[in-house]
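So the structure is just underneath, and the comments pick up after that.
The values are calculated or read from the model by the stated rules, or taken from the named source; none is laboratory data. Worth saying up front: this structure is predicted, and the values here are computed from it rather than measured. Every residue, glycine as well, gets a Cβ built from its backbone with ideal geometry; the counts of neighbours run over all protein chains shown.
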Amino acid sequence: MTQSISEVARAAQAAIEALEGWSATQSITAGAIRAEAQVRTARPGQITVEYRTYEDPLAEFEERYVGGPEYLGDELVGLQFVHDAKSTWIYDPRSDVAIRKPGRTLYCPLRGIDALGEVSFLRDLIHDFLLRDAGTEEIAGRRARLIGLKPKVRQRSLLLKEELFPVSRATIALDETTSFPLRIVLYPAEPSPLFYLIGPSTPVTVEYRNPRLEAPDPARFTFTPSETARIFEEQSVTQEMLSERLPFRFPLEPLSDLGYGLHRGRATLARNRSGDRAYALLTLTPTQDEGSSNSERALSLRIGNYLSRNMGRRRALLAEKGESVDLQSVKARLLDRSALLADELPQSLDRMILEVGWERDGVHAFLLGDGVDREELLKIASALTKAAEEAPEAAEASGTDDASTG
């Protein structure tokens, strides 16, 4: 006897609730966005990810426009991600570099939706969605039952949490034997970032192939770096903490003197265990515009006596396409990033994006200005280099080894 759609949904809820862990090959497709990865999950909230393919045109555009992505698609392929429910290890076997980041950092290609290994929504299927029988289909040799879904509400406000459903509708294909989802097709809804990226009529398809519905070896979710690995720990810090923990002198007072402050008062610092190598990212906004979301100017400053992947790409681009400029006694390279994309930018993004980069005593700096003109950007960069030159410990603190690229 054929099960009713509510019975199918209840069976899926029970199956997922009882599942202690699983592994599968997962693919994600959304227009030109495509990724495939081997994923393994286990309770509570553990996951490992190894990308096999990764294509994200938006990330490629962001790289050329502002140099924002930490990793590009071809760099993500081959990395090992191990999330133990608290923090995430990212290991690159090619360079033998391991970075530990707080929280879950897996670089899912879907903006605003964490789709990697995510099937927990099935636990609340009947509670959260209106259900529709969409028939049956054979998928990879498995007979599947299709259920059409529509959120009962777009947003649910509770006392201690807010629930937002980022989809307008979806269809899931459940294995008739195991109730595991073999395919999920969803359509984004406002105000999710994915809605504005791909639109409401472009489907997002998530597929799981060759699922193994048993908990993987617990050792999979524990990362032990090799004895030769370069290990970095990343954390969010205040400006005072940053100055104390950097292994080199880089005075930041000129930024506040010129009217810029840390966005939300925090910076991101990555430092190795011995404490002699580090790099940091500071996002800065005009202090007079503090609290306003309409500021037309912003800065990002990346500094380090170790070159992250992002910083290494910036150095190469500035060397290739930048012009030589003088900052006090320091030679620098200046690049008009917006000019590189003059024929590609929509009117909404038509603004000046300039970047200046320099190196002094083994410490690299990359200052990018969004809506900041050339004269102001060079003034800020010159003030930073002058302060570093006048700092008494500057030459000694940066160390004697050459900076390395991650």
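The table for this structure:
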| item | result |
| --- | --- |
| Failed criterion for residue 171 (all others in (1) touching a residue at least 60 places away in the same chain (Cβ under 8 Å); (2) assigned to a strand (DSSP E or B); (3) hydroxyl-bearing (Ser, Thr, Tyr) hold) | (1) |
| Count - residues of segment 193-252 that are over 30 Å from residue 146 (Cα atoms) and in a loop (DSSP other than H, G, I, E, B) | 17 |
| Listing of helices (runs of 4 or more DSSP H) fully contained in segment 1-83 that carry 1 or more residues being touching a Ser or Thr at 6+ places or on another chain (Cβ under 7 Å) | 5-18 |
| Residue in segment 104-117 that is assigned to a strand (DSSP E or B) and either out of contact with any strand residue (DSSP E or B) (no Cβ under 6 Å at 6 or more places or on another chain) or at pLDDT 95 or above (or both) present | no |
| Positions within segment 160-184 being surrounded by 19 or more Cβ atoms within 10 Å (Cβ to Cβ) and aliphatic (A, V, I, L, M), in sequence order | 167, 170, 172, 173, 174, 182, 184 |
| Criterion: without any contact (Cβ under 8 Å) to a residue 40 or more places away in the chain and outside the structural domain of residue 166 (by TED's automatic domain parsing) - qualifying residue of 220, 245 | 245 |
| Residues that are part of a loop (DSSP other than H, G, I, E, B) and under 23 Å from the mean Cα position of the chain (by Cα), drawn from segment 174-192 | 189, 190, 191, 192 |
| Residue that is surrounded by the fewest Cβ atoms within 10 Å (Cβ to Cβ) [pool: residues in segment 129-159 that are within 23 Å of residue 196 (Cα to Cα) and without any contact (Cβ under 8 Å) to a residue 12 or more places away in the chain] | 155 |
| Only one of 169, 132 that is assigned by TED's automatic domain parsing to the domain that holds residue 32 and under 27 Å from the mean Cα position of the chain (by Cα) | 169 |
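Listed here are the residues, each with its yes/no results for (1) of a type in the set (A, V, I, L, M, F, W, C); (2) surrounded by fewer than 21 Cβ atoms within 10 Å (Cβ to Cβ); (3) within 22 Å of the chain's Cα centre (by Cα); (4) farther than 19 Å from residue 361 by Cβ.
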{"residue": "241", "(1), (2), (3), (4)": "yes, yes, no, yes"}
{"residue": "246", "(1), (2), (3), (4)": "yes, no, no, no"}
{"residue": "253", "(1), (2), (3), (4)": "no, yes, no, no"}
{"residue": "264", "(1), (2), (3), (4)": "no, yes, yes, yes"}
{"residue": "267", "(1), (2), (3), (4)": "yes, no, yes, yes"}
{"residue": "279", "(1), (2), (3), (4)": "no, no, yes, no"}
